[in-house]
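Structure record follows, encoded as structure tokens.
The values are calculated or read from the model by the stated rules, or taken from the named source; none is laboratory data. Everything quoted here is computed from the prediction, not taken from an experiment. Ideal geometry is used to build each Cβ from the backbone, glycine not excepted, and the neighbour counts take in all protein chains shown. The protein model used for the area step is the full one, side chains on, heavy atoms only, and it has no ligands, DNA or RNA in it. Shrake-Rupley method; radii C 1.70, N 1.55, O 1.52, S 1.80 Å.
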Amino acid sequence: MDQGLAAILGAAVGASATGAAALVTAASASRLNKSKARQEACLAYLTLVAQIRMELVDAGRHLRPDPTGLYEPLDTATARARAADIDARYRELVTRHAVLMLAGPRRVYRQAVRTTDLVAEPLMFVTRWSAGPGPSAVTAEQAQGFDRGMDALARGLAQFADTAREST
């Protein structure tokens with residue numbers, strides 16, 4: 001009888017240990033999957049912001065006066081199409097907030113919202129310039145406002161990257 005009881009207890013202990021190991025493995029895999037999902041969401045967001053920034057820089061070069069003559073001014077139709085494309089990407093950026101909100105943590109989402117808000121000012125200048133009479137109508141104050149907005153966007157992009165790196 002003692003051997004039978006020992007066998008039953010041994011089997012119960014073995015089954016419990018196996019079950020506990022399976023739970024630990026499943027929890028670890030779940031954390032790893034969630035971390036990977038966060039990293040992918042942050043990378044997708046970061047990539048889109050960087051692309052928008054590059055498009056804004058390029059549009060800014062072609063839509064305002066260029067004393068060096070390096071950048072050919074855009075015709076009205078091309079300028080409007082480019083501004084509309086950047087605006088569409090901005091709207092896509094806003095929709096990515098939902099993914100970041102679900103992926104967490106909250107501070108990454110908040111930083112994404114702040115970074116997205118920084119896109120709005122240079123985008124406003126590009127949209128206004130693309131509808132206007134041409135680069136000669138862009139004032140020095142507007143050009144400086146655009147440059148300040150682009151500098152703020154670059155800093156916001158770096159802050160988002162730092163926040164995401166610390167949180168994933």
Inset, instruction - Would you tell me the accessible area of Asp117, worked out with a 1.4 angstrom probe on the heavy atoms of the protein chains, in Å² to the nearest 10? - result: 100 Å²
Inset, instruction - Could you pull the accessible area for Glu72 with a 1.4 Å probe, rounded to 10 Å²? - result: 140 Å²
Inset, instruction - For region 29-92, run through the chymotrypsin sites (Phe, Trp or Tyr not before Pro) and keep only the ones in DSSP coil with at most 15 other Cβ atoms within 10 Å of their Cβ. - result: Tyr71
Legend entry - Cβ-based net charge around Arg148, under 13 Å, with every Lys or Arg adding one and every Asp or Glu removing one: -3
Legend entry - Debye equation applied to the C-alpha atoms of region 115-161, log10 I(q)/I(0) at 0.15, 0.28 Å⁻¹: -0.40, -0.97
Legend entry - Accessible area expressed per residue, region 112-168, with surrounding protein chains retained (probe 1.4 Å, Å²): 50 Å²
Inset, instruction - Sort Met150, Met54 from largest to smallest accessible area, using a 1.4 Å probe on the heavy atoms of the protein chains. - result: Met54, Met150
